[in-house]
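The values are calculated or read from the model by the stated rules, or taken from the named source; none is laboratory data. On a predicted model such as this, the values are computed, not experimentally measured, just so you know. As a convention, Cβ positions derive from the backbone with ideal geometry for all residues, glycine included, and neighbour counts pool all protein chains shown. Accessible surface is based on the protein model in full, side chains and every heavy atom, while ligands, DNA and RNA are left aside. Shrake-Rupley method; radii C 1.70, N 1.55, O 1.52, S 1.80 Å.
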Amino acid sequence: MSKQEKMHELRVLAAQIRLETMKTIGSLGFGHVGGSMSMADAMAVLYGAYMNIDPKNPQKEDRDWFVMSKGHAGPVMYATLGIMGYYPIEEAYKLNTPHTNFPSHTDRTKTPGVDLTTGSLGQGIGEAVGAALGLKVQGQPSRVYVAIGDGEADEGSVWEAAQFAAHYKLDNLVCLVDNNKRQLDGPVADIMSHGKGIGAKFDAFGWNVIEVEDGNDVEQIYDAVASAIETKGMPTALILNTVKGKGAIFAEPTGAHSSQPTKEQWEEGIKACEESYEAVKAQN
Ligand SMILES: Cc1ncc(C[n+]2csc(CCOP(=O)(O)OP(=O)(O)O)c2C)c(N)n1
């Protein structure tokens, strides 16, 4: 398959992930649309191009791991795992209902394919660093990918984990920063700015840093992950400059953190994602 064909496949997958994310959250009627939709393209690239996984054997020993440290973006992970074949995607439409296997935040005891439990911001990256060290010590070829938010990066524990990962030269670790410039209450720059930037911080902690100008462009993400995999002796941070709510017609214009639109707005939002999925499929 040529690179052009692969990029088309990944764009189609990203559009399908967006559609299924909307259906998953829409089944409940409210939830974290913003930070889920900004991650769809990165999820498509990781699961569609790079991760060594077997959906029929989620625990296989030499698998790559993905940790959604910004655990409120659980729905985009559930959509991705369902599409990849861990379970029928319709199961995820029981999002956050009693006794569900699809809680609002990712839980390793509930959902096949979820490697670590998250939800308390700043916790997942530390778990991912521990997993990366453990897998290295065991001699596994596995890579650990972890996604954090730019608001989440206000947590001090993120930087303890970053320091540890650089010290132990965890080159099997890639941190994807969903740099969508917004957190729960508004713009990150107004609430708690990152000084010279999150990339500059990771650089100061001894990481390899790759700025991805458009973090919703699958080809830019694809090239950045390839470069991360080639980097030896240090972990890599990919700073994905994304748009919060990307592709959700009721959330993208405002960058809302959580959305509770009307039933009609949900129908329109899902229909728009269906149309863009069909349009992307028709492209070459
Ligand atoms: C320790 C902790 N404090 C507060 C929250 C509540 N909370 C959930 S999401 C969120 C904002 C996160 O912003 P960001 O990481 O930028 O997420 P994104 O924009 O990517 O969705 C907050 C404050 C939490 N889950 N954990």
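Quick one: residue 236 ticks every box in (1) open to solvent by 30 Å² or more (accessible area, probe 1.4 Å); (2) β-branched (Val, Ile, Thr); (3) within 21 Å of the chain's Cα centre (by Cα) except a single one, so which number is it?
(1)
State yes or no: is residue 39 away from the ligand (no atom under 16 Å from the Cβ) and in contact with an Asp or Glu (Cβ under 9 Å, 6 or more places away or on another chain)?
Answer is no for this residue.
Taking only region 253-284 into account, find how many residues are within 30 Å of residue 6 (Cβ to Cβ) and open to solvent by 70 Å² or more (accessible area, probe 1.4 Å).
Number of matching residues: 8.
Can you name every residue in region 239-252 that is within 15 Å of the ligand (Cβ to nearest atom) and open to solvent by 20 Å² or more (accessible area, probe 1.4 Å)?
The answer is 241, 243, 246, 247, 252.
Has region 182-205 got any residue that is assigned to a loop (DSSP other than H, G, I, E, B) and of a type in the set (A, V, I, L, M)?
Yes, the conditions are met somewhere in region 182-205.
Keeping to region 16-52, report how many residues are more than 19 Å from residue 264 (Cα to Cα) and either assigned to a helix (DSSP H, G or I) or of a type in the set (Val, Ile, Thr) (or both).
16
Can you go through 190, 203 and tell me which one is open to solvent by 30 Å² or more (accessible area, probe 1.4 Å) and away from the ligand (no atom under 15 Å from the Cβ)?
The match here is 203.
Just the residues that are in contact with a helix residue (DSSP H, G or I) (Cβ under 7 Å, 6 or more places away or on another chain) and more than 18 Å from residue 150 (Cβ to Cβ), please, taken from region 218-234.
Correct list: 218, 219, 222, 225, 234.
Which one of the conditions (1) under 13 Å from residue 67 (Cβ atoms); (2) in contact (Cβ under 8 Å) with a residue 24 or more places away in the chain; (3) more than 14 Å from the ligand (Cβ to nearest atom) does residue 214 fail to meet, given that it meets all the rest?
Result: residue 214 passes all but (1).
Scan region 171-187 for residues that are away from the ligand (no atom under 15 Å from the Cβ) and of a type in the set (S, T, N, Q) and jot them down.
Matches in region 171-187: 172 only.
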